[in-house]
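The values are calculated or read from the model by the stated rules, or taken from the named source; none is laboratory data. This one's a predicted model, so the numbers in the text were calculated from it and none came from an experiment. Here the Cβ positions follow ideal geometry from the backbone for every residue, glycine too, while neighbour counts run over all protein chains shown. Heads up: the accessible areas ignore ligands, DNA and RNA and are worked out on the full protein's heavy atoms, side chains in. Shrake-Rupley method; radii C 1.70, N 1.55, O 1.52, S 1.80 Å.
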Amino acid sequence: MQNVLLVAITGSAIGYFLSLFYRRLGPVILLFISLYAFITLWGVPSNTAESFLGYDVLYLTALGKYFALVSLIVFIAYAIFNIVWIETLKTPHAFNALSILTLAGTLGVFFTTNLLTLYIFWELTVFASLFIVPMSKPEAKRAAVWYVTITAVGSFAFLFATFFLYSKFSTFDLIQIAREFAQLPKSNVWLVVWLMLTAGIAKSGVFPLHVWLRNVHGKAPDTFSAVLSGQLVKMGSYLIALLLAIFPVSTLFSHFYGGVNILSYILIWLGNVSILVGTLMAIKQNDMKMLIAFSTVANSGYILIGLALLDQVGFAGGLFHVFNHAIAAAMIFLSFAAVVYRTGTTKIDELGGLIHRMPITFITYLVGIISLAGIPPTSGFISKWMIFQSLVSRGMFVTEIFVFVGSIGSFLYVFRPLAGVFLGQLKSKHKDVREVPIIMQIPMILLVLITVFFGIFPGQVLELITDVQKELGIDAFQYEGTKLITSMGYWDTWIVFVMFAVGFLIAAVLYLITPKGRKIPLEDQYTSGEFLHNFDLYHYASRFYAFLEREYEGHPSLEKLYASLVNVLKSLGKGIDYLVSRTASAYVFWLGVILLLLWKGW
């Protein structure tokens, strides 16, 4: 672990200087570091302790290993894609260095249970990613402010809780603290748990601290959005999983409903609201990156619900959804980056008809949204099925409704870029658009294969997850080969795949033997008896779901509430600035205050 971190940190400086001479060397270095880390980490058993720069602070848990491996898959895909895409950036050397530094910080978070070390690597990740966000668009600076502000709320809460625990137990080691944590007064237990969970909730984009995702994911450099949604958000999920599993939550807090303790029940409801808010807001987005950013809010809700259930099936489902969403988000954002690379826009209503021009990009997006919507045989179905099974077995039908509505809503919002970007009429200005270079296609194809493969053969992912459960004292999820077993029945992924394959085969045969439609030019159409000579007018991506959006127009907005708080703070700051400034009016004000105090005899 120490070698991996040192290689990543020094690789950041090397990547910076080499990128000054040839910008493509930076992504190549990131790729080699990610591959080296993945291969090294695969062979390291969990519960391995190491020192870092002479301090005994590194400790690899099964949970940390799982998150680190998932993150490295995202970084490998990101690095390969960037080898060509990096030509679009004005400051590639800084971008490359900060990307590698982000990887180093992320791995450091997953490699330790020492709270102070975890905080240092956490801040290193935030620091590096913060400067990447505004690199492609000037307007992204405002998004970066949102990012650092919301993250700072979580970071300060975590730091306060860390030093509070140190004052009580004289150690920063979370495992040692967890053994004696129950000795704290109940009020302190609630305080510490919520302060630490605030950091995880803010980072993972769970309601009510989700407001930074839309602008940051939407405005960040196109490929880095894949890392933000596919990997950095998962740091928050990791912290939540770590705290819920290591602290004796089930005994510290009284049971409330369905065998779920009160803390977990509150978290489940935050997950419910996140699913609802993320889904409704995603439906009304015209910017495809912002649309998937809100999808991340909804999927963070699924993960939170699964983890908070803390049982054999639900907890495993939450961890599996971490893997699924990381891969699906990376697929979708990289396909968007490919579209922007060729067309220069993220606006859905400015695109259309790219399916024949960019077929690999289209397939990547299609498989990504199928997984995101939880449709078999992709791996995205498995995690949602596991979470749903756990909820049904506990009789938590209200949460089931939120999960079900979120799944139906995801069909709607992922269809909008599908119809608006890849289907419909090709814009005349995009008639010469072609597929992205082969190097950019490679990571998209790899991610597609990973999603389908683990949708059919989920055993390797489940093995890592059951290792986590055994380590944390949770009953391990039961599976035999491709058969996933719960108390309510089983699901055989191989049989489902064969059924889908047979269905596709029948459809292909029917397509081949039935008469084909006649291809006509795009202009050869008419409306109400009138020819439309500008075929761009046929595109109907604007206000795609207007009939739904009308139903919740004028809804309450946390973004507006937070913006109002910012304005209040600005006004307060101006008032203080006025009172301490060396102006005649300020002198008159303070003279009046002094005279008033003297008159009152103070």
*Can you give the accessible area per residue of the chain, in Å², using a 1.4 Å probe?*
43 Å²
*When only Cα pairs under 8 Å and 6 or more residues apart are kept, what is the percent relative contact order across segment 1-487?*
15 percent
*What FRET efficiency, computed as 1/(1 + (r/R0)^6) with R0 = 51 Å and r the Cβ-Cβ distance, is obtained for LYS429 and PHE32, rounded to the nearest 0.05?*
0.85
*Which distance in Å, rounded to a whole number, links the C-alpha centroids of segment 413-440 and segment 547-588?*
41 Å
*Packing-wise, with mean Cβ within 10 Å as the measure, how do 22-32, 111-121, 139-149, 91-101 rank, highest first?*
91-101, 111-121, 22-32, 139-149
*Using the Cα gyration tensor of segment 247-374, with a ≥ b ≥ c the square roots of its eigenvalues, what is the shape: rounded (a/c below 1.5), prolate (a/b larger than b/c) or oblate (neither)?*
prolate
*asked:* If I compute solvent accessible area with a 1.4 Å probe over the protein chains, what percent of it on segment 120-160 is carbon and sulfur?
replied: 78 percent
*Between LEU58 and residues 5 or more places away or on another chain, which pairs have amide H atoms under 5 Å apart, with H built 1.01 Å from N, and which residues are they?*
GLU50, PHE52
_19 Å Cα cut-off, lysine pairs counted over segment 137-230 (separation 8 or more, or different chains)_ = 5
_Cα-based shape type of segment 64-148, given that a ≥ b ≥ c are square roots of the gyration tensor eigenvalues and the cut on a/c is 1.5_ = oblate
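What is the magnitude of the charge dipole of segment 1-487 about its Cα centre, with +1 placed on the Cβ of each Lys and Arg, -1 on the Cβ of each Asp and Glu, and no other charges, expressed in debye to the nearest 20?
On the way: 28 positive and 20 negative charges, 271 e Å.
Approximately 1300 debye in magnitude.
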*Which of the residue pairs LYS347/LYS429; LYS289/LYS519; LYS289/LYS384 have a Cα-Cα distance greater than 26 Å in the structure shown?*
LYS289/LYS519
*Would you indicate which of [x] 18, 39, 23, 13, 4, 2, 0; [y] 20, 56, 23, 1; [z] 19, 51, 24, 5, 0, 0 is the value of P(r) over Cα pairs in 20 Å bins from 0, in percent derived from the coordinates of this structure?*
[z]
_Can you tally the net charge around ILE348? Count Lys and Arg as +1, Asp and Glu as -1, for every other residue whose Cβ sits under 13 Å from the Cβ of ILE348._
+3
*Check PHE256: other-chain or 5+ apart residues with amide H under 5 Å from its amide H, H built from backbone geometry?*
ASN261, ILE262
*Using a 1.4 Å probe on the protein chains only, how many percent of the accessible area of segment 372-436 belongs to carbon and sulfur?*
70 percent
*Mind checking which aspartates and glutamates have their Cα closer than 19 Å to the Cα of LYS284? Skip sequence neighbours fewer than 8 apart in that chain.*
ASP349, GLU350, GLU549, GLU551, GLU553, GLU559
*Largest first, what is the accessible-area ranking of ILE86, ILE80, ILE355 with a 1.4 Å probe?*
ILE355, ILE80, ILE86
*Charge dipole of the chain about the Cα centre (unit charges at C-beta), most positive-ward option of GLY374, ALA13, PRO221*: PRO221
*Of the peptides 41-48, 62-69, 196-203, 243-250, how do they stack up when ordered by the mean number of other Cβ atoms within 10 Å, highest first?*
196-203, 62-69, 243-250, 41-48
*Does segment 180-272 come out rounded, prolate or oblate by the C-alpha gyration tensor, with a ≥ b ≥ c the root eigenvalues, rounded set by a/c under 1.5 and, if not, prolate when a/b is larger than b/c and oblate if not?*
prolate
